[in-house]
Amino acid sequence: MKAVLYAFSALLIIATLMPLVKKDYWTFRIFDYPRFQKLWLISVLLICWTIVGYEHLSKVDLGIVIILGLLFLYLLKQIVPYSPFHTKMVKPAKKHEKTTVKVLVANVYQYNKDYQKCLQLIKKEQPHLFMLVETDQHWADAIAALKVDYSYQVLLPLENTYGMLLYSKFPLQNIEINHLIDQDIPSIFADLQIDGQLIKLFAIHPTPPVPGENTHSTERDAEILIVGKKAKSEKKPIIIMGDLNDVAWSYTTELFLKISGMGDPRMGRGMYSTFHAKYPFLRWPLDHIFLSHQFRLKKMMVHPSIGSDHFPISADLVLDKNNENEQLEADMEDKADAEEKIISGIEF
């Protein structure tokens, strides 16, 4: 029994401490993702150690239990902001307020052929603006009928799992197709015009740090932070949306929030996990909708499966120029770290 506890305790201690190592290699960064899972497993381990009985614990055993207890508290502190027990970073809209814009993001999984589920979701939810990623030409053709209801589109179908399709009921202006880090990975910058008000939109899908695709998070982190810096210099209200291939609580995402001044509507509400759709115990928030301080949130929702490995996510937003949400502040060290990561990504 103790041998099993020793083995699992060692694994969880290593898995919890690995993200603290500031290295971009995937073996370190991948452990950012399952924070809630690690919290749950450490809870189970602590119960198991208790069952063994304190009178049978050696000094080494007690040391392991203390370390696990401290890691439990550390993970709990990291998780609580993404629960209803924390202050909402993006203020809630009042019930009577009309939604200004409803946005939806879905990673459809390029090889998923269940196009009808995606079409049905969009027709049911009627977002004003939606973004689909991992879209090839087959996906572009499959949803082309939606052009009747969505007069404005930016269509970037690709065969490399980094295609993007952006559809809007509101006019899109000043459209820029960028390749911030990699010539094979596009991003879309545009102005969304709603009743004479321009809203800056950033739609991105950086590469994940996984074997076989990209062994380092360097390029992903750089792209996220480049967009964060651009957002900070904008005077318009801003929406940043997409599959960021990074969890809401990672160091990079926190640095992005500090650099950009954007708000995460998950904070104070819940995790709203969007990946992995097929494995309930392995789920975390990878798809994001970040908002500048002029927005309040009316509703946020993770939608049922459309056959992808991601769940779609949507947000109903209310625009108020006088609104002020909570913002994280970047100090000199944060700014220097962000700049270093951006340079590393460009030169990688």
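What's the total number of residues in region 269-278 that are in contact with an Asp or Glu (Cβ under 9 Å, 6 or more places away or on another chain) and part of a loop (DSSP other than H, G, I, E, B)?
5
Return a yes/no flag: does region 180-197 have any residue that is outside any loop (DSSP other than H, G, I, E, B), of a type in the set (D, E) and over 21 Å from the mean Cα position of the chain (by Cα).
yes
Checking the structure you have, find out if any residue of region 249-262 is outside the structural domain of R29 (by TED's automatic domain parsing), surrounded by 19 or more Cβ atoms within 10 Å (Cβ to Cβ), of a type in the set (D, E, K, R) and farther than 29 Å from Q110 by Cα.
Yes: one or more hits.
Please count how many residues of region 150-202 are more than 30 Å from D320 (Cα to Cα), of a type in the set (S, T, N, Q) and without any contact (Cβ under 8 Å) to a residue 40 or more places away in the chain.
2
Go through D195, D191 for me and flag whichever is more than 16 Å from I239 (Cα to Cα) and acidic (D, E).
D195
Considering E219, E223, E234, which residue is within 19 Å of I177 (Cβ to Cβ), in contact with a Ser or Thr (Cβ under 9 Å, 6 or more places away or on another chain) and surrounded by fewer than 18 Cβ atoms within 10 Å (Cβ to Cβ)?
Within the list E219, E223, E234, the selection yields E234.
Give me a count of the residues in region 309-347 that are assigned to a loop (DSSP other than H, G, I, E, B), within 24 Å of P285 (Cα to Cα) and touching a Lys or Arg at 6+ places or on another chain (Cβ under 9 Å).
8
As an exercise: evaluate D141 against (1) without any contact (Cβ under 8 Å) to a residue 40 or more places away in the chain; (2) under 19 Å from the mean Cα position of the chain (by Cα); (3) not in a strand (DSSP E or B) and give the number of the one condition it does not meet.
(2)
Under 9 Å by Cβ, and 6 or more places apart or on different chains, what pairs join a residue from region 296-308 that is within 18 Å of Y111 (Cα to Cα) and in the same structural domain as V318 (by TED's automatic domain parsing) with one that is assigned to a loop (DSSP other than H, G, I, E, B) and of a type in the set (G, A, S)?
Listed by first residue and then by second, the contacts come to S305/A277; I306/A277; G307/A277; S308/A277.
Could you identify the single residue in I122, I64 that is outside any loop (DSSP other than H, G, I, E, B) and not assigned by TED's automatic domain parsing to the domain that holds S292?
On inspection, the qualifying residue turns out to be I64.
Can you tell which of K94, K102, K113 is at pLDDT below 95 and either under 21 Å from the mean Cα position of the chain (by Cα) or in a loop (DSSP other than H, G, I, E, B) (or both)?
Sole residue among the options that is at pLDDT below 95 and either under 21 Å from the mean Cα position of the chain (by Cα) or in a loop (DSSP other than H, G, I, E, B) (or both): K94.
Among the listed residues I185, I177, I199, I204, identify the single one that is assigned by TED's automatic domain parsing to the domain that holds Q116 and touching a His at 6+ places or on another chain (Cβ under 9 Å).
Exactly one of I185, I177, I199, I204 is assigned by TED's automatic domain parsing to the domain that holds Q116 and touching a His at 6+ places or on another chain (Cβ under 9 Å), namely I185.
Among what's in region 52-69 and is under 38 Å from the mean Cα position of the chain (by Cα) and loosely packed, with under 13 Cβ neighbours inside 10 Å, pick the residue that is modelled with the lowest pLDDT.
L62
Within region 152-162, does at least one residue satisfy the condition of being in contact with a strand residue (DSSP E or B) (Cβ under 6 Å, 6 or more places away or on another chain), in the same structural domain as K113 (by TED's automatic domain parsing) and in a loop (DSSP other than H, G, I, E, B)?
no
Would you please list the contacts, defined by Cβ atoms under 8 Å and residues six or more apart or on different chains, that run from a residue in region 112-127 that is in contact (Cβ under 8 Å) with a residue 60 or more places away in the chain to a residue that is polar (S, T, N, Q) and not in a helix (DSSP H, G or I)?
Correct list of pairs: N112/S308; K117/S305; E125/S314; P127/S314.
Read through the list (1) surrounded by 19 or more Cβ atoms within 10 Å (Cβ to Cβ); (2) of a type in the set (A, V, I, L, M); (3) more than 16 Å from V101 (Cβ to Cβ); (4) more than 15 Å from the chain's Cα centre (by Cα), then give the number of the only condition that L297 fails.
Among (1) surrounded by 19 or more Cβ atoms within 10 Å (Cβ to Cβ); (2) of a type in the set (A, V, I, L, M); (3) more than 16 Å from V101 (Cβ to Cβ); (4) more than 15 Å from the chain's Cα centre (by Cα), L297 violates only (3).
The values are calculated or read from the model by the stated rules, or taken from the named source; none is laboratory data. What you are looking at is a predicted structure, and each value in this text was computed from that prediction instead of being measured. Here Cβ is always computed from backbone atoms with ideal geometry, including for glycine, and neighbour counts include all displayed protein chains.
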